[in-house]
Amino acid sequence: MSKKPGDAVLEDSLGNGDVLDDADLVTSEKRGTEFDTRDMNRMGKLPQLRRNFRFPSIFGYSVVLGATWEFALVIVALSLTNGGTAGGIWMFFVVCVGMYFVVLSMAEMASMAPTSGGQYHWVSEFAPPKYQKFLSYMVGWFAVIGWQAAMASISFACAQQFEGLIALNVPNYVVQGWHGTLLSIGVTIFAMVWNTVLVRKLPLVEGIIVILHIFGFFAFVVVLWVMAPRSDPKEVWTDFQDNGGWGSIGLSCLVGMTGPVITLIGADSACHLSEELKDASYVLPRSMVATATVNYILGFVMTITVMSTLGDVTSVLTTTTGQPYIQVVLNATQSRVGTSILTALVAILLLFSAVNLVTTSSRQLFAFARDKGLPFSSTLAYVRPNWDIPLNAVLATLMFSTLLSLIIIGSTIAFNIIISIGQVGTVASYIVAIACIARKRIMGETLLPSRFSLGRAGLAINTIALCFLTLAFVFPFFPASPHPNAAAMNWNILITGFVIVVALIYYFLKAKNIYRGPVEYVKRLSQ
């Protein structure tokens, strides 16, 4: 093969110095390392996406998507209502520990089978053969719905920061439902542009935004510890409160655990980019653990900081900005300009968290559609030549988030109830996946080789993760306070039931005949 201008000489997996043209370069980018090729071949998947991510970029991606210290600020009111300052701090710590065991469990499975499918693929491989197809199908639905709802949630959370910024600087501003809808849609469109037109720049941008993420954290911590009034440490760390009226401090704190779970959930975020990560079976699990370590520490420190510097709690909870942390900063600095800068920083970081969330949610959608688990699967799984991204899945994510955002016009309460399926669906997918690999350990079955093995500690780690996830699954169904009326009732159980019914109807009408489960492709390849 003759060399043309623009061609390059690359060492292939056998060590041959072959001349590769542009088409060969694209193919090489998709195949990645020898381990990547081996993993994709074992799973029976064709490489369709470019492996543009490396450890620094996937680490930055996950850290920014997690947005832990940012959400630690946003959920202040929820923690104060159920648990008080002490409840907020200690429950955040408990969730950090529990989620760390979840991350370790997920990281091991991600190394065994690094695929965009994540949980539903792992269930398909690790569940008992009799239940592999059905369980992986249901987990796929939970994961897809969970991440799609999370996209609408982050869009609205970001929109609320912009609304708070406006309210801070325009005294007569009154938040309207349609404001939140338009801002949420705007955030989603911004995220979609970065995931389509500017997608090749995304790994580079992750490095820049993660620096902003770290510096923003220190900016908040320094400002609050230096300028804000400090509460009595003993009261902050030991004064548990049942402000929700549950009649039990313990139950109130457990209900308040939902806030930290919302903040720290998303252990599988990077997993769904494994087919775009070079040397995924090695890099992915280590980036997951590194991300959890950094983000959990930042989130916990920020929780301690804001709980220790609340000042006038009444003014914080009744603030016209709608965001208690904005009032905390304003009370500390006595400067609208300074507070506006810090609020804008949170808004920008949540904006890029939304960018990353579109990436993850669309890849999860693409992977499940590729295995024919959804209506219109062939359309959703289509990857346009030369784009090398699941464009249709990205557009579907935009449409789904936009439709959900329209609910905000009528009621933010109804919107929050509907998107709460995000936490339930994601946690449910974690439970089933980890339970399947724990079962294999208990039964003494052979596990797939992993470049991130938990070894003899695996069963203990899986068990602790499952115990924690059980709590995290139950309490999102609780209302904000006991004895709610119809308007204040948490209808999450109804939404979850509706999703299950829809999934079952589609399964028995069509998916049962066309969805085979990822393990079928693995088995056929290995024969």
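The values are calculated or read from the model by the stated rules, or taken from the named source; none is laboratory data. Bear in mind that the values here come from a model prediction, so they are computed numbers and not experimental data. Here the Cβ positions follow ideal geometry from the backbone for every residue, glycine too, while neighbour counts run over all protein chains shown. Quick note on the areas: whole protein, heavy atoms, side chains included, nothing else; ligands and nucleic acids left out. Shrake-Rupley method; radii C 1.70, N 1.55, O 1.52, S 1.80 Å.
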Furthest towards positive pole of dipole, F473, L509, G455, structure part region 434-514, Cβ charges | G455
Can you sort T426, T33 by 1.4 Å-probe accessible area, starting with the largest?
-> T33, T426
Are there any helices in the chain, counted as whole DSSP H runs, that stretch 18 Å or more along their axis by Cα and score at least 1.0 on average by Kyte-Doolittle, and if so which?
-> 84-112, 177-194, 202-227, 280-308, 336-370, 391-405, 421-442, 458-474, 492-506
For region 296-347 and region 120-150, compute the distance between their C-alpha centroids and round to whole Å.
-> 40 Å
Given charges at Cβ of Lys, Arg, Asp, Glu: the chain dipole, positive-most of A369, Y100, F218 | A369
How large is the dipole of region 52-514 about the Cα centre if only Lys and Arg carry +1 and Asp and Glu carry -1, each at its Cβ, rounded to the nearest 20 debye?
-> 1120 debye
Give, to the nearest whole percent, the P(r) tail of region 456-527 beyond 13 angstrom, counting all Cα pairs.
-> 79 percent
Exposure rank, largest accessible area first [M489, M91; 1.4 Å] = M489, M91
Accessible surface of S315 - all protein chains present, 1.4 Å probe, nearest 10 Å² = 30 Å²
Hey, can you grab everything whose amide H is under 5 Å from the amide H of A113? Only 5+ residues off in sequence or another chain; H modelled, so Pro and N-termini drop out.
-> none
State the number of lysine pairs found in the chain whose Cα atoms come within less than 18 Å, restricting to pairs 8 or more positions apart or on distinct chains.
-> 20
Region 380-527: Kirkwood hydrodynamic radius (Cα pairs, Å) comes out at 19.3 Å
What's the FRET efficiency of S335 with C467 using the Cβ-Cβ distance as r and R₀ = 30 Å, to the nearest 0.05?
-> 0.05
Put a dot 7 Å past each Cα toward the Cβ at R384 and A460; how far apart are the dots in nm?
-> 5.2 nm
Quick P(r) readout (region 105-222; Cα-Cα; 10 Å bins; whole %) gives 11, 23, 31, 23, 10, 2, 0
Please calculate the 1.4 Å probe accessible area of E445, with all protein chains present, and give it to the nearest 10 Å².
-> 70 Å²
What FRET efficiency do you get for V175 and F93 if R0 is 35 Å and r is their Cβ-Cβ distance, rounded to the nearest 0.05?
-> 0.60
Sequence of M399, M227, M138 from largest to smallest accessible area, 1.4 Å probe | M399, M227, M138
